[in-house]
Amino acid sequence: MSVVPGASAAAASGPEHVTEPVAYDAILLASFGGPEGQDDVIPFLRNVTRGRGIPDERLEEVAHHYRAFGGVSPINDQNRELKAAIEAELERRGIDLPVYWGNRNWAPYVAEALQQAHDDGHRTLIAIGTSAYSSYSSCRQYREDFAGALAETGLEGVVTIDKVRQFFDHPGFVEPFVEGVTSALEELAGRGFAPAETHVLFSTHSIPTTDAERSGPAERGFGEGGAYAAQHLAVAEAVMAGREVDWTLVYQSRSGPPSQPWLEPDINDEIEQLAAKGIKAVVIVPLGFVSDHMEVKWDLDTEAMQTSEEHGVAAIRVPTPGVHRAFVSGLVDLVLERRDGVPVEERPAVTSLGPWYDVCRPGCCENVRLGFKPALAGIAP
(Lines give C-alpha, C1' and ligand atoms only; values in the text may rest on other atoms or scores of the structure.)
Protein backbone atom coordinates (compact mmCIF):
# COMPACT_ATOMS: atom_id res chain seq x y z
CA MET A 1 0.00 0.00 0.00
CA SER A 2 1.29 3.49 -0.85
CA VAL A 3 2.47 5.73 1.96
CA VAL A 4 1.54 8.71 -0.25
CA PRO A 5 -2.19 8.56 -1.05
CA GLY A 6 -3.32 9.35 -4.58
CA ALA A 7 0.24 9.66 -5.89
CA SER A 8 1.90 8.60 -9.11
CA ALA A 9 3.95 5.41 -8.90
CA ALA A 10 7.17 7.45 -8.77
CA ALA A 11 6.03 9.40 -5.70
CA ALA A 12 4.00 6.70 -3.95
CA SER A 13 6.81 5.43 -1.71
CA GLY A 14 7.50 8.93 -0.41
CA PRO A 15 10.96 10.02 -1.55
CA GLU A 16 11.96 13.55 -0.51
CA HIS A 17 12.67 14.35 -4.16
CA VAL A 18 11.24 12.38 -7.04
CA THR A 19 13.94 11.83 -9.66
CA GLU A 20 12.02 9.30 -11.73
CA PRO A 21 10.30 10.79 -14.81
CA VAL A 22 6.50 10.85 -14.72
CA ALA A 23 4.32 11.13 -17.84
CA TYR A 24 1.93 13.79 -16.55
CA ASP A 25 -0.93 14.50 -18.91
CA ALA A 26 -2.42 17.65 -17.33
CA ILE A 27 -1.72 20.48 -14.87
CA LEU A 28 -4.08 21.38 -12.02
CA LEU A 29 -3.77 25.04 -10.98
CA ALA A 30 -5.23 25.42 -7.48
CA SER A 31 -6.03 28.68 -5.73
CA PHE A 32 -8.01 30.28 -2.90
CA GLY A 33 -10.88 31.74 -4.90
CA GLY A 34 -12.88 34.89 -4.30
CA PRO A 35 -16.32 36.49 -4.77
CA GLU A 36 -17.24 38.01 -8.11
CA GLY A 37 -20.12 40.24 -7.03
CA GLN A 38 -21.80 41.72 -3.95
CA ASP A 39 -24.19 38.77 -3.63
CA ASP A 40 -21.24 36.37 -3.51
CA VAL A 41 -19.41 37.99 -0.60
CA ILE A 42 -21.16 36.43 2.42
CA PRO A 43 -21.53 32.95 0.81
CA PHE A 44 -17.82 33.10 -0.04
CA LEU A 45 -16.87 34.06 3.51
CA ARG A 46 -19.06 31.22 4.81
CA ASN A 47 -16.98 28.87 2.68
CA VAL A 48 -13.73 30.35 4.00
CA THR A 49 -14.83 29.97 7.63
CA ARG A 50 -16.79 26.72 7.31
CA GLY A 51 -16.84 24.67 10.47
CA ARG A 52 -16.12 27.60 12.79
CA GLY A 53 -19.71 28.67 13.47
CA ILE A 54 -19.08 32.35 12.73
CA PRO A 55 -22.40 34.26 12.37
CA ASP A 56 -23.07 36.38 9.29
CA GLU A 57 -22.97 39.63 11.28
CA ARG A 58 -19.33 38.95 12.14
CA LEU A 59 -18.57 37.96 8.56
CA GLU A 60 -19.98 41.31 7.48
CA GLU A 61 -17.18 42.98 9.43
CA VAL A 62 -14.73 41.43 6.95
CA ALA A 63 -17.07 41.77 3.98
CA HIS A 64 -16.52 45.53 3.77
CA HIS A 65 -13.04 44.86 2.37
CA TYR A 66 -14.66 43.17 -0.62
CA ARG A 67 -17.63 45.53 -0.79
CA ALA A 68 -15.22 48.45 -1.15
CA PHE A 69 -14.18 46.85 -4.45
CA GLY A 70 -17.72 46.18 -5.67
CA GLY A 71 -17.84 42.75 -4.05
CA VAL A 72 -15.26 41.49 -6.52
CA SER A 73 -12.00 39.94 -5.41
CA PRO A 74 -9.25 40.45 -7.97
CA ILE A 75 -7.93 36.92 -7.40
CA ASN A 76 -10.12 35.10 -9.93
CA ASP A 77 -9.20 37.38 -12.82
CA GLN A 78 -5.57 37.10 -11.78
CA ASN A 79 -5.81 33.32 -11.90
CA ARG A 80 -7.41 33.48 -15.32
CA GLU A 81 -4.45 35.58 -16.45
CA LEU A 82 -1.97 33.21 -14.82
CA LYS A 83 -3.61 30.18 -16.41
CA ALA A 84 -3.47 31.85 -19.83
CA ALA A 85 0.18 32.85 -19.27
CA ILE A 86 1.15 29.30 -18.30
CA GLU A 87 -0.65 27.94 -21.35
CA ALA A 88 1.19 30.43 -23.56
CA GLU A 89 4.54 29.46 -22.05
CA LEU A 90 3.79 25.77 -22.55
CA GLU A 91 2.85 26.43 -26.16
CA ARG A 92 5.99 28.49 -26.67
CA ARG A 93 8.06 25.53 -25.51
CA GLY A 94 6.07 23.03 -27.55
CA ILE A 95 4.72 21.20 -24.47
CA ASP A 96 1.29 19.60 -24.76
CA LEU A 97 -0.11 19.82 -21.21
CA PRO A 98 -3.60 21.28 -20.70
CA VAL A 99 -4.15 23.46 -17.62
CA TYR A 100 -7.22 23.10 -15.40
CA TRP A 101 -8.02 25.69 -12.71
CA GLY A 102 -9.91 25.06 -9.48
CA ASN A 103 -10.42 26.98 -6.21
CA ARG A 104 -10.83 26.09 -2.56
CA ASN A 105 -13.57 28.57 -1.69
CA TRP A 106 -15.39 29.67 -4.85
CA ALA A 107 -16.20 28.52 -8.35
CA PRO A 108 -14.61 26.94 -10.24
CA TYR A 109 -13.94 24.50 -7.42
CA VAL A 110 -11.08 21.99 -7.34
CA ALA A 111 -13.51 19.07 -7.66
CA GLU A 112 -15.03 20.63 -10.79
CA ALA A 113 -11.60 21.07 -12.37
CA LEU A 114 -10.64 17.50 -11.48
CA GLN A 115 -13.85 16.11 -12.94
CA GLN A 116 -13.32 18.05 -16.16
CA ALA A 117 -9.74 16.81 -16.44
CA HIS A 118 -10.95 13.24 -16.01
CA ASP A 119 -13.78 13.68 -18.51
CA ASP A 120 -11.22 14.96 -21.01
CA GLY A 121 -9.27 11.76 -20.60
CA HIS A 122 -6.50 12.78 -18.19
CA ARG A 123 -5.38 10.50 -15.38
CA THR A 124 -1.94 11.69 -14.17
CA LEU A 125 -2.04 15.27 -12.88
CA ILE A 126 0.66 17.57 -11.51
CA ALA A 127 -0.70 20.35 -9.30
CA ILE A 128 0.51 23.91 -8.70
CA GLY A 129 -0.80 25.66 -5.60
CA THR A 130 -0.72 29.46 -5.81
CA SER A 131 1.18 29.77 -2.55
CA ALA A 132 4.93 29.56 -2.19
CA TYR A 133 5.56 28.77 1.48
CA SER A 134 5.05 25.94 3.98
CA SER A 135 2.15 26.16 6.43
CA TYR A 136 -1.24 24.58 6.87
CA SER A 137 -3.17 27.14 4.82
CA SER A 138 -0.51 27.59 2.15
CA CYS A 139 0.38 23.94 1.53
CA ARG A 140 -1.31 21.18 3.51
CA GLN A 141 -4.80 22.60 3.04
CA TYR A 142 -4.31 22.46 -0.73
CA ARG A 143 -3.26 18.84 -0.35
CA GLU A 144 -6.44 18.24 1.66
CA ASP A 145 -8.41 19.93 -1.13
CA PHE A 146 -7.00 17.42 -3.61
CA ALA A 147 -7.91 14.49 -1.38
CA GLY A 148 -11.40 15.87 -0.87
CA ALA A 149 -11.86 16.41 -4.60
CA LEU A 150 -10.88 12.81 -5.38
CA ALA A 151 -13.37 11.58 -2.78
CA GLU A 152 -16.14 13.92 -3.96
CA THR A 153 -15.77 12.88 -7.60
CA GLY A 154 -15.28 9.19 -6.86
CA LEU A 155 -11.98 9.25 -8.76
CA GLU A 156 -9.80 7.72 -6.05
CA GLY A 157 -7.71 5.00 -7.64
CA VAL A 158 -8.48 6.40 -11.09
CA VAL A 159 -6.70 9.77 -11.14
CA THR A 160 -3.37 10.51 -9.44
CA ILE A 161 -2.32 13.98 -8.27
CA ASP A 162 1.24 14.97 -7.44
CA LYS A 163 2.22 18.53 -6.50
CA VAL A 164 5.23 20.68 -7.38
CA ARG A 165 7.50 21.64 -4.49
CA GLN A 166 6.90 24.81 -2.50
CA PHE A 167 8.63 27.43 -4.63
CA PHE A 168 9.46 30.18 -2.09
CA ASP A 169 13.12 30.19 -3.13
CA HIS A 170 12.81 29.30 -6.80
CA PRO A 171 14.48 32.06 -8.88
CA GLY A 172 11.31 32.57 -10.89
CA PHE A 173 9.41 33.59 -7.76
CA VAL A 174 12.20 35.66 -6.23
CA GLU A 175 13.34 37.62 -9.31
CA PRO A 176 10.23 39.86 -9.51
CA PHE A 177 10.77 40.92 -5.88
CA VAL A 178 14.44 41.67 -6.50
CA GLU A 179 13.47 43.86 -9.44
CA GLY A 180 10.74 45.58 -7.45
CA VAL A 181 12.93 46.35 -4.45
CA THR A 182 15.71 47.65 -6.69
CA SER A 183 13.31 49.94 -8.53
CA ALA A 184 11.67 51.21 -5.32
CA LEU A 185 14.99 51.97 -3.60
CA GLU A 186 16.24 53.79 -6.68
CA GLU A 187 13.05 55.87 -6.79
CA LEU A 188 13.32 56.78 -3.10
CA ALA A 189 17.01 57.68 -3.49
CA GLY A 190 16.08 59.89 -6.42
CA ARG A 191 13.56 61.64 -4.18
CA GLY A 192 16.31 62.40 -1.67
CA PHE A 193 15.80 59.66 0.93
CA ALA A 194 19.10 58.35 2.28
CA PRO A 195 19.62 54.62 3.01
CA ALA A 196 19.79 55.35 6.76
CA GLU A 197 16.28 56.83 6.73
CA THR A 198 14.79 54.13 4.49
CA HIS A 199 13.51 50.72 5.62
CA VAL A 200 12.26 47.68 3.70
CA LEU A 201 9.24 45.81 5.11
CA PHE A 202 8.75 42.26 3.84
CA SER A 203 5.10 41.48 4.50
CA THR A 204 3.28 38.16 4.61
CA HIS A 205 0.03 36.77 6.00
CA SER A 206 0.13 36.23 9.74
CA ILE A 207 -0.87 32.78 11.01
CA PRO A 208 -1.41 31.35 14.53
CA THR A 209 1.92 30.73 16.23
CA THR A 210 0.90 27.13 16.99
CA ASP A 211 0.41 26.49 13.27
CA ALA A 212 3.65 28.30 12.43
CA GLU A 213 5.61 26.13 14.85
CA ARG A 214 4.26 23.02 13.10
CA SER A 215 5.01 24.24 9.58
CA GLY A 216 7.55 22.13 7.75
CA PRO A 217 9.02 18.83 8.96
CA ALA A 218 9.50 18.65 12.73
CA GLU A 219 12.92 17.05 12.33
CA ARG A 220 14.29 20.19 10.68
CA GLY A 221 14.02 22.02 14.00
CA PHE A 222 13.16 25.48 12.68
CA GLY A 223 12.08 26.66 16.12
CA GLU A 224 9.90 29.73 16.70
CA GLY A 225 7.91 30.52 13.58
CA GLY A 226 8.69 27.11 12.06
CA ALA A 227 9.50 26.69 8.38
CA TYR A 228 6.99 29.41 7.50
CA ALA A 229 9.00 32.19 9.16
CA ALA A 230 12.35 30.64 8.26
CA GLN A 231 11.50 30.50 4.57
CA HIS A 232 10.36 34.12 4.47
CA LEU A 233 13.45 35.29 6.32
CA ALA A 234 15.73 33.35 3.99
CA VAL A 235 14.10 34.81 0.87
CA ALA A 236 14.18 38.32 2.31
CA GLU A 237 17.91 37.91 3.00
CA ALA A 238 18.43 36.82 -0.60
CA VAL A 239 16.51 39.82 -1.93
CA MET A 240 18.47 42.24 0.29
CA ALA A 241 21.93 40.76 -0.36
CA GLY A 242 24.45 43.54 -1.01
CA ARG A 243 22.06 46.38 -0.12
CA GLU A 244 22.78 49.03 2.53
CA VAL A 245 19.22 49.35 3.79
CA ASP A 246 17.77 47.77 6.94
CA TRP A 247 14.77 45.47 6.67
CA THR A 248 12.21 43.61 8.77
CA LEU A 249 9.84 40.69 8.22
CA VAL A 250 6.34 41.83 9.20
CA TYR A 251 2.88 40.29 9.18
CA GLN A 252 -0.60 41.35 8.12
CA SER A 253 -4.22 40.21 7.78
CA ARG A 254 -4.57 38.70 11.24
CA SER A 255 -8.08 37.28 11.72
CA GLY A 256 -7.98 35.30 14.99
CA PRO A 257 -9.32 36.29 18.42
CA PRO A 258 -7.10 38.58 20.54
CA SER A 259 -6.50 35.73 23.01
CA GLN A 260 -4.80 33.60 20.33
CA PRO A 261 -1.13 34.38 19.61
CA TRP A 262 -0.35 35.07 15.95
CA LEU A 263 2.94 35.89 14.27
CA GLU A 264 4.09 39.50 14.81
CA PRO A 265 4.96 42.34 14.35
CA ASP A 266 1.99 43.73 12.47
CA ILE A 267 3.00 45.91 9.54
CA ASN A 268 1.03 48.93 10.76
CA ASP A 269 2.56 48.75 14.23
CA GLU A 270 6.02 48.48 12.67
CA ILE A 271 5.47 51.54 10.44
CA GLU A 272 4.43 53.54 13.50
CA GLN A 273 7.53 52.45 15.42
CA LEU A 274 9.85 53.12 12.48
CA ALA A 275 8.45 56.62 12.12
CA ALA A 276 9.15 57.24 15.82
CA LYS A 277 12.76 56.20 15.20
CA GLY A 278 13.20 58.70 12.39
CA ILE A 279 12.59 56.51 9.33
CA LYS A 280 11.27 58.68 6.49
CA ALA A 281 10.50 56.11 3.79
CA VAL A 282 9.49 52.45 3.58
CA VAL A 283 9.42 49.91 0.78
CA ILE A 284 6.57 47.44 1.29
CA VAL A 285 7.28 44.05 -0.26
CA PRO A 286 4.32 41.59 -0.40
CA LEU A 287 6.73 38.66 -0.10
CA GLY A 288 4.09 36.16 0.96
CA PHE A 289 1.81 36.65 -2.05
CA VAL A 290 1.90 35.66 -5.71
CA SER A 291 -0.64 38.22 -6.92
CA ASP A 292 -2.44 41.44 -5.97
CA HIS A 293 -5.43 39.83 -4.28
CA MET A 294 -7.53 41.30 -1.47
CA GLU A 295 -4.91 41.04 1.29
CA VAL A 296 -2.60 43.11 -0.90
CA LYS A 297 -5.17 45.59 -2.23
CA TRP A 298 -6.80 46.24 1.16
CA ASP A 299 -4.26 45.45 3.89
CA LEU A 300 -1.27 46.94 2.08
CA ASP A 301 -2.51 49.36 -0.58
CA THR A 302 -5.23 50.77 1.69
CA GLU A 303 -4.45 50.28 5.39
CA ALA A 304 -0.63 50.24 5.36
CA MET A 305 -0.52 53.19 2.99
CA GLN A 306 -2.90 55.12 5.27
CA THR A 307 -0.70 54.31 8.27
CA SER A 308 2.38 55.52 6.41
CA GLU A 309 0.66 58.78 5.44
CA GLU A 310 -0.59 59.37 8.98
CA HIS A 311 2.98 59.13 10.28
CA GLY A 312 4.60 61.18 7.53
CA VAL A 313 6.41 58.21 5.98
CA ALA A 314 6.78 57.91 2.21
CA ALA A 315 5.81 54.42 1.04
CA ILE A 316 6.19 52.39 -2.13
CA ARG A 317 4.56 48.99 -2.53
CA VAL A 318 6.50 46.53 -4.69
CA PRO A 319 4.58 44.46 -7.29
CA THR A 320 3.74 40.80 -6.70
CA PRO A 321 4.97 38.22 -9.25
CA GLY A 322 1.56 38.09 -10.99
CA VAL A 323 2.31 37.04 -14.56
CA HIS A 324 5.91 38.23 -14.57
CA ARG A 325 7.81 36.35 -17.27
CA ALA A 326 10.27 34.82 -14.76
CA PHE A 327 7.48 33.63 -12.46
CA VAL A 328 5.45 32.01 -15.23
CA SER A 329 8.54 30.41 -16.73
CA GLY A 330 9.54 29.18 -13.27
CA LEU A 331 6.18 27.48 -12.70
CA VAL A 332 6.57 25.62 -15.97
CA ASP A 333 10.12 24.68 -14.96
CA LEU A 334 8.75 23.23 -11.71
CA VAL A 335 6.34 21.05 -13.66
CA LEU A 336 9.10 19.87 -15.99
CA GLU A 337 11.31 19.20 -12.96
CA ARG A 338 8.85 16.47 -11.98
CA ARG A 339 7.98 15.34 -15.48
CA ASP A 340 11.64 14.78 -16.32
CA GLY A 341 12.84 13.61 -12.90
CA VAL A 342 15.50 16.33 -12.65
CA PRO A 343 18.28 15.44 -10.13
CA VAL A 344 18.22 17.45 -6.91
CA GLU A 345 21.61 19.03 -7.55
CA GLU A 346 20.32 20.50 -10.81
CA ARG A 347 17.27 22.16 -9.26
CA PRO A 348 17.56 25.93 -8.70
CA ALA A 349 17.07 27.49 -5.26
CA VAL A 350 18.30 30.88 -4.02
CA THR A 351 18.45 29.91 -0.32
CA SER A 352 20.12 27.10 1.59
CA LEU A 353 16.70 25.78 2.64
CA GLY A 354 15.88 24.48 -0.81
CA PRO A 355 15.15 22.92 -3.10
CA TRP A 356 12.13 22.01 -0.96
CA TYR A 357 10.57 18.54 -0.81
CA ASP A 358 8.55 17.10 -3.69
CA VAL A 359 6.68 14.86 -1.24
CA CYS A 360 5.71 16.47 2.07
CA ARG A 361 7.11 14.70 5.10
CA PRO A 362 5.01 12.90 7.76
CA GLY A 363 3.10 15.26 10.03
CA CYS A 364 4.09 18.33 8.03
CA CYS A 365 2.04 21.51 8.61
CA GLU A 366 -0.50 20.21 11.11
CA ASN A 367 -3.50 22.38 11.90
CA VAL A 368 -3.79 22.17 15.68
CA ARG A 369 -7.50 22.98 15.72
CA LEU A 370 -8.48 20.48 13.02
CA GLY A 371 -5.87 17.75 13.35
CA PHE A 372 -4.78 15.64 10.41
CA LYS A 373 -7.27 15.16 7.58
CA PRO A 374 -6.58 13.03 4.47
CA ALA A 375 -4.11 14.82 2.21
CA LEU A 376 -2.37 13.96 -1.05
CA ALA A 377 1.22 14.72 -2.18
CA GLY A 378 2.68 13.84 1.21
CA ILE A 379 3.39 10.88 3.46
CA ALA A 380 0.37 10.19 5.69
CA PRO A 381 -0.76 11.63 8.01
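The values are calculated or read from the model by the stated rules, or taken from the named source; none is laboratory data. Everything numeric here is computed off the predicted structure, so don't read it as measured data. Note: ideal-geometry Cβ built from the backbone for every residue, glycine included; neighbour counts use all protein chains shown.
Could you tell me whether the range 71-90 includes any residue that is part of a loop (DSSP other than H, G, I, E, B), surrounded by fewer than 13 Cβ atoms within 10 Å (Cβ to Cβ) and touching a residue at least 24 places away in the same chain (Cβ under 8 Å)?
no
Report, by residue number, each residue of the range 1-46 that is in a loop (DSSP other than H, G, I, E, B) and in contact with a Lys or Arg (Cβ under 7 Å, 6 or more places away or on another chain).
Of everything in the range 1-46, those that are in a loop (DSSP other than H, G, I, E, B) and in contact with a Lys or Arg (Cβ under 7 Å, 6 or more places away or on another chain) turn out to be Val18, Pro21, Val22, Tyr24, Asp25, Phe32, Gly33.
Do we have Glu366 as in a loop (DSSP other than H, G, I, E, B) and either in contact with a Gly (Cβ under 6 Å, 6 or more places away or on another chain) or in contact (Cβ under 8 Å) with a residue 40 or more places away in the chain (or both) here? Lay out the reasoning, then the answer.
Working: in a loop (DSSP other than H, G, I, E, B): yes; either in contact with a Gly (Cβ under 6 Å, 6 or more places away or on another chain) or in contact (Cβ under 8 Å) with a residue 40 or more places away in the chain (or both): yes.
So Glu366 fits the description; yes.
One line per residue, one yes/no per condition, for (1) in contact with a Leu (Cβ under 8 Å, 6 or more places away or on another chain); (2) of a type outside the set (Ser, Thr, Tyr):
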| position | (1), (2) |
| --- | --- |
| Pro108 | no, yes |
| Arg123 | no, yes |
| Ala132 | no, yes |
| Ser138 | no, no |
| Phe146 | yes, yes |
| Ala149 | yes, yes |
| Thr153 | yes, no |
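Between a first residue in the range 313-330 that is over 23 Å from Asp269 (Cβ atoms) and a second residue that is of a type in the set (Val, Ile, Thr) and at pLDDT 95 or above, which pairs have beta carbons less than 8 Å apart while being 6 or more apart in sequence or on different chains?
Within 8 Å, the pairs are Pro321/Val290; Gly322/Val290; Phe327/Val290; Val328/Ile86.
For the range 52-78, enumerate the residues that are among the β-branched types (Val, Ile, Thr) and more than 10 Å from Gln38 (Cα to Cα).
Our first condition is that a residue be among the β-branched types (Val, Ile, Thr); within the range 52-78, this holds for 54, 62, 72, 75.
Hits for the range 52-78 are Ile54, Val62, Ile75.
Checking Ala315 against (1) among the hydrophobic types (A, V, I, L, M, F, W, C); (2) over 17 Å from the mean Cα position of the chain (by Cα); (3) assigned to a loop (DSSP other than H, G, I, E, B), only one condition comes out false. Which one?
Tallying (1) among the hydrophobic types (A, V, I, L, M, F, W, C); (2) over 17 Å from the mean Cα position of the chain (by Cα); (3) assigned to a loop (DSSP other than H, G, I, E, B), Ala315 fails exactly one: (3).
Only one of Leu300, Leu353, Leu336 is in a helix (DSSP H, G or I) and either surrounded by fewer than 22 Cβ atoms within 10 Å (Cβ to Cβ) or modelled with pLDDT under 95 (or both). Can you tell me which? Please lay out each step first, then the result.
Values: Leu300 fails: either surrounded by fewer than 22 Cβ atoms within 10 Å (Cβ to Cβ) or modelled with pLDDT under 95 (or both); Leu353 fails: in a helix (DSSP H, G or I).
Matching residue, one of Leu300, Leu353, Leu336: Leu336.
In this structure, does Thr320 turn out to be among the polar types (S, T, N, Q), closer than 30 Å to Gly37 by Cα and surrounded by fewer than 18 Cβ atoms within 10 Å (Cβ to Cβ)?
Answer is no for this residue.
Kindly provide the set of residues from the range 244-262 that are loosely packed, with under 15 Cβ neighbours inside 10 Å, more than 20 Å from the chain's Cα centre (by Cα) and not hydroxyl-bearing (Ser, Thr, Tyr), ordered by number.
Within the range 244-262, Glu244, Asp246, Pro257, Pro258, Gln260, Pro261 qualify.
Within the range 122-159, count every residue that is surrounded by fewer than 24 Cβ atoms within 10 Å (Cβ to Cβ), assigned to a loop (DSSP other than H, G, I, E, B) and in contact (Cβ under 8 Å) with a residue 12 or more places away in the chain.
8
I need a count of the residues in the range 47-70 that are surrounded by 14 or more Cβ atoms within 10 Å (Cβ to Cβ), in a loop (DSSP other than H, G, I, E, B) and over 20 Å from the mean Cα position of the chain (by Cα).
So the count comes out to 2.
Please go through the range 160-208 and pick out each residue that is touching a Pro at 6+ places or on another chain (Cβ under 7 Å) and either without any contact (Cβ under 8 Å) to a residue 40 or more places away in the chain or surrounded by fewer than 20 Cβ atoms within 10 Å (Cβ to Cβ) (or both).
Result: Pro171, single match.
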